[in-house]
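Right, one structure below, let's go through it.
Rule-based calculations on the coordinates, nothing more; no lab input. Keep in mind that this is a model prediction, so the values were computed, not measured. Note that each Cβ is placed from the backbone with ideal geometry, even for glycine, and that neighbours are counted across all protein chains shown.
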Amino acid sequence: ELLELVEMEVRDLLSEYDFPGDDVPVIAGSALKALEGDEKYEEKILELMQAVDDYIPTPERDSDKPFMMPVEDVFSITGRGTVATGRVERGQIKVGEEVEIIGLHDTSKTTVTGVEMFRKLLDYAEAGDNIGALLRGVAREDVQRGQVLAAPGSITPHTKFKAEVYVLSKDEGGRHTPFFSNYRPQFY
């Protein structure tokens, strides 16, 4: 009875926030009991994973377009070189391929000499992968967050653009302080 009541409350809450509360699969179980070896709950974990596989669609990877990865962080590995990390937004990158470092400074070219994902060396990475790309002959200070690694000639940097922007108010979880004419935000 208590489990049914909790499930009804969860479904109502999901519906309140515009999720399909009546259609979402709900699997009652205990991860702790499954870890302790209780067969009944081990089956519930398998049922949960099957529901996740069935209900959540596999995202489409944008692998057929030219490679692009925004740089999220940069670090140096002694004896190896400079590594730029980020999530591959589109395309694929293979070890040995040339890339351009675009944005903030003049565009420069380099070669990816290594691709690593979660401490595993890979031959290539594709859209959706979080990777570290080892860059040949690039100093640590030549790459920084906000730049982009891209296939040569696939994108060009811009320093100006026009936009119509809605800025969230303080009540909406946005800015607490106002800004005035000639405000220059930094976009990545």
Would you look at the GNM of the chain, springs on alpha carbons closer than 10 Å, and say which of 122, 104, 32 moves the most?
32
Dimensionless Rg/Rh of the chain - Kirkwood Rh, Rg from C-alpha atoms:
1.11
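Against the 2.2 N^0.38 Å scaling, with N counting residues, where does the stretch 68-150 land? I'd like the Cα-based Rg ratio to two decimal places. Walk me through the numbers on the way to the answer.
Details: Rg = 11.1 Å, N = 83, 2.2 N^0.38 = 11.8 Å.
Normalised by 2.2 N^0.38 Å, the Cα Rg of the stretch 68-150 equals 0.94.
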Helix 2-16 versus the longest principal axis of the chain: what is the Cα-based angle in degrees, 0 to 90, to the nearest 10?
40
Across the chain, how many lysine pairs, 8 or more apart or on two chains, come within less than 21 Å at their alpha-carbon atoms?
5
Between residue 38 and residue 63, the FRET efficiency computed from the C-beta separation at R0 = 30 Å comes out, to the nearest 0.05, as 0.10
Estimated distance in nm for a label pair at residue 175 and residue 7, the labels positioned 7 Å out from Cα along Cα-to-Cβ:
4.8
Quantify how much of the Cα-Cα distance distribution of the stretch 2-55 extends past 16 Å, in percent.
52
Rounded to the nearest 10, the angle in degrees between the Cα long axis of helix 39-55 and the longest principal axis of the Cα atoms of the chain comes to 50
Hull surface divided by four, with the convex hull built on the Cα atoms of the stretch 122-165: how many nm²?
5.4
Please compute the modelled spin-label separation between residue 142 and residue 107, points set 7 Å along Cα→Cβ, answer in nm with one decimal.
1.7
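Relative to the present Cα-Cα distance, how much length would full extension add between residue 16 and residue 72 at 0.36 nm per residue of separation? Please list the in-between numbers first.
Numbers: separation 56, 0.36 × 56 = 20.16 nm, distance 3.54 nm.
Difference between extended and current length: 16.6 nm.
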Compute a Gaussian network model of the chain, connecting alpha carbons closer than 10 Å, and tell me which residue from 55, 124, 17 fluctuates the most.
17
